[in-house]
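Participant: A single structure is presented below for examination.
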Amino acid sequence: MELISMKSITRFYGKNENRVNALRSINLSINAGELVAIIGPSGSGKTTLLNILGCLDSPNSGEYIIDKTDTSKLKPRELANIRNKKFGFIVQNFALLDDYTVYENIKIPLDYSNTKIKNKKQKIKEILKKLGIEDKLNKYPTELSGGQCQRVSIARALINNPEIILADEPTGALDREMGQQVIDIFKEINKENKTIIIVTHDANIAAQCDRIITIEDGSIKSNN
Amino acid sequence: MNNLWYSFRELKNGIIFKLIIFIQIVLAIILLYRANELRNYEYSKLNLIQNITKNKTIYTFGSKYDSPEALSKDSMEGNKFSNFSKAVQKRYGLVTATFGEVFMENFQNINEFIDNDDTSPGDRYKAINSLQCNSGFFSTFDIKLSQGNTSEFDKFTKLSSTDTRGKIIPVILGDSYRGIFNLNDIIKTKYEKLKVVAFLQKNQFYLDKGMYEPNSAKSLDTYMIVPSPSDIQNGNLINSLLVSNSQKEDLPSVENYIDMLSKKYDVKFSVNDPSENIDDFTSLMTYNANIKILLVYIVMFFVVIALLAIFTNRINAKRKEFSVHLMHGATYLDIYIRVILENIYLLVLSIIMAFYYIQKTQDQIAFQVLKFDLGAFEQSIVTIFVVIIIVETIPIYNISKNRINYLIKGE
């Protein structure tokens, strides 16, 4: 079932001679439950594509439909709701807030989803247990290893049970072994029919995905 | 609810910055309050002067007597002065008003009201600022009441001092007395009993003997207005003002008329025209008021610059946090509300602190303004609040122009 559909998506920054075309007429379709890798050189437009996929950015033209909803017609609050309910985000540097505990970091998506307070703690404990870091609940990110931080980041991405996980270089800050552990977690999540889209430089990681989309200079060069 | 929680949570972070912002806002409120207070004060004076002089000409009486003794002798003689006064009042307004004192026992904040020149240390009774005047004073100078009326006061001014002996004297109190005394209160003083029949509005001024220079415009806020019996008024003609309600009547015509009446009633008075100084005077008043406005602008300029620098710094330092929230379901509006709320907490604390400080230092700093000017305080708070809203919009607008992933990475 088609979950994501992009038609003729373009995105540019700047004006006139300073204009940079980050994405040029992107057409893309992703089905529910797919594990997709987006690869390409630096500056090719991978992250821009991921941002538009995650409703963090808007295209200059084209049509982007998520689960039959045209995102161009949505107001900021509705887009924020989509980000909160449909997507889980994982980024290279974990994007954990140093002055928030593990619990508080993971709680952020729940705070925007009308979850009752007593259910929040229960959910967070459950997901930390699933990821093997239940004893880190009240620690700060600075007290954790890189691998533990990425697990916290994954826990935060999964806490609202989203349909789609967007991961931008999720293993970029980890060693090979840790990186593989993260990919193994993604594969486990993918078995629960979650759609996972990973932006990566790492060919080894891309090779473990169902489909590899290659972007160069803002255009899709291959999609197989 | 999230915004409330996260803004409250943020209070414990960046204590040094919070302290700087807090001090900054407290100082801004205090400085702005002082500037607004002085500006309001100058404008009240200016407005009053313009009201007094609008469509009327004010003259002062001059004595042509050879000596004070001769004047005194004539004033005692029959009804000469009284008849002369009545005759003058058929054509002109006549206002007798002299500054004096009433000796009172201690009451709350009495020090604000004391005429220091007439109070001896250790006295049980202290000399309170007073102005003794006739009934024409209020209408001529457009002095406004906030409570009560002048009818009892007016009746009293028609009596002679013999008739008033032993009677309770109706008095009108300046605005600073509100809260200390109430309408119809009987006040026992050293020599007489007084009854409060009215209160003046705040910032009512009187021009001392019609002399046009800024210090002669006295705030009546701390004054007690006492009625002058008719014979005292007549004896005090030398301190009276003659008010012509026509701009067209020139000085020679008024002089001729007064000369004619003087001869008729066998008295020796002339009129002097203080209006030649009035243009300089109102220019000076306008200049004083404008200086205070300039002061407000200068204070606001530095407040805006300082707050902008601090908020930009704070908001930039928190952009990663904002981005993470945006990524997980917040909107820019949420972020904006959160930052505003954070600063509203600080603003409330700052208002309390500034209010306390201003109250505490009011009589040490203010020269003539003795009572807290709530209007000026409200103006200052509203201005600071608007400045905070605007100044915070700039860095938040700036971060909203960045791509979120850039913000997260801190690029």
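Computed from the coordinates by the stated procedures, all read-outs in this text should not be read as laboratory data. Quantities reported herein were computed from a predicted structural model and do not represent experimental measurements. Methodologically, a virtual Cβ is constructed for each residue, glycine included, from the backbone with ideal geometry; neighbour enumeration extends over all protein chains shown.
Participant: For the stretch B:92-174, what log10 I(q)/I(0) values come out of the Debye formula at q = 0.23, 0.24 1/Å, with one point per alpha carbon and no solvent?
Facilitator: -1.22, -1.25
Participant: In nm², what is the average projected area of the convex hull enclosing the Cα atoms of the stretch B:56-279?
Facilitator: Details: hull surface 51.8 nm².
Taking the Cα atoms of the stretch B:56-279, their convex hull projects to 12.9 nm² on average.
Participant: Here's another thing I want to ask about it. Taking springs between alpha-carbon atoms closer than 10 angstrom, which of A:Ser113, A:Ser25, A:Ser72 fluctuates most in the Gaussian network model of chain A?
Facilitator: Evaluated over chain A, the most mobile residue of the options is A:Ser113.
Participant: Just want to confirm a number: the relative contact order over chain B, from Cα pairs under 8 angstrom separated by 6+ residues, in percent.
Facilitator: 27 percent
Participant: Moving on. Compute the Rg to Rh ratio over chain B from the alpha carbon atoms, using the Kirkwood formula for Rh, and round to two decimal places.
Facilitator: Working: Rg = 29.4 Å, Rh = 25.3 Å.
The Rg/Rh ratio comes out at 1.16.
Participant: Just the projected area, averaged over all directions, of the convex hull on the alpha carbon atoms of the protein assembly as shown: how many nm²?
Facilitator: 41.1 nm²
Participant: If the cut-off is a Cα-Cα distance under 18 Å, which aspartates and glutamates reach B:Lys318, setting aside same-chain residues fewer than 8 apart in sequence?
Facilitator: Reachable aspartates and glutamates: A:Asp98, A:Asp99, A:Glu104, B:Glu10, B:Asp334, B:Glu342, B:Glu392, B:Glu411.
Participant: So, one more: Rounded to the nearest 500, what is the 222 nm mean residue ellipticity of chain A from helices alone, with -39500 (n - 2.57) per DSSP H run of 4+ residues and division by all residues?
Facilitator: -10500 deg cm²/dmol
Participant: Oh, and also: Run the reach check for A:Lys121 against lysines, Cα to Cα strictly under 19 Å, same-chain hits fewer than 8 apart removed. What comes back?
Facilitator: A:Lys85, A:Lys107, A:Lys129, A:Lys130, A:Lys136, A:Lys139
Participant: Here's something else I'd like to know. Give the lysines reachable from B:Lys360 as a straight Cα distance under 17 Å; neighbours fewer than 8 places away on the same chain don't count.
Facilitator: B:Lys371
Participant: While we're on this one: Can you tell which of B:Thr286, B:Thr222, B:Thr96 shows the greatest fluctuation in a Gaussian network model of chain B with Cα springs below 10 Å?
Facilitator: B:Thr286
Participant: Name the most mobile residue of B:Tyr223, B:Tyr332, B:Tyr41, meaning the one with the largest mean-square fluctuation, in a Gaussian network model of chain B with Cα contacts below 10 Å.
Facilitator: Per the Cα network of chain B with a 10 Å cutoff, B:Tyr332 tops the list.
Participant: I would also like to ask the following. Using just the helices of chain B, give the 222 nm mean residue ellipticity in deg cm²/dmol: DSSP H runs with n ≥ 4 each add -39,500 (n - 2.57), and the total is spread over all residues, rounded to 500.
Facilitator: Helices in chain B give a 222 nm mean residue ellipticity of -18000 deg cm²/dmol.
Participant: Calculate the length of the line joining the C-alpha centroid of the stretch A:1-60 to that of the stretch B:43-112, in whole Å.
Facilitator: For the stretch A:1-60 versus the stretch B:43-112, the Cα centre distance is 87 Å.
Participant: Here's another thing I want to ask about it. Assign one of three labels to the stretch A:172-224, namely rounded, prolate or oblate, based on the Cα gyration tensor with a ≥ b ≥ c the square roots of its eigenvalues; rounded applies when a/c is under 1.5, prolate when it is not and a/b is larger than b/c, and oblate otherwise.
Facilitator: Taking the square roots of the gyration eigenvalues as a ≥ b ≥ c, the stretch A:172-224 is oblate.
Participant: Could I ask something else about it? Write out the chymotrypsin sites (Phe, Trp or Tyr not before Pro) in the stretch B:130-205 meeting two conditions: DSSP loop, and at most 12 other Cβ atoms within 10 Å of their Cβ.
Facilitator: Here the sparse-neighbourhood loop sites are B:Tyr191.
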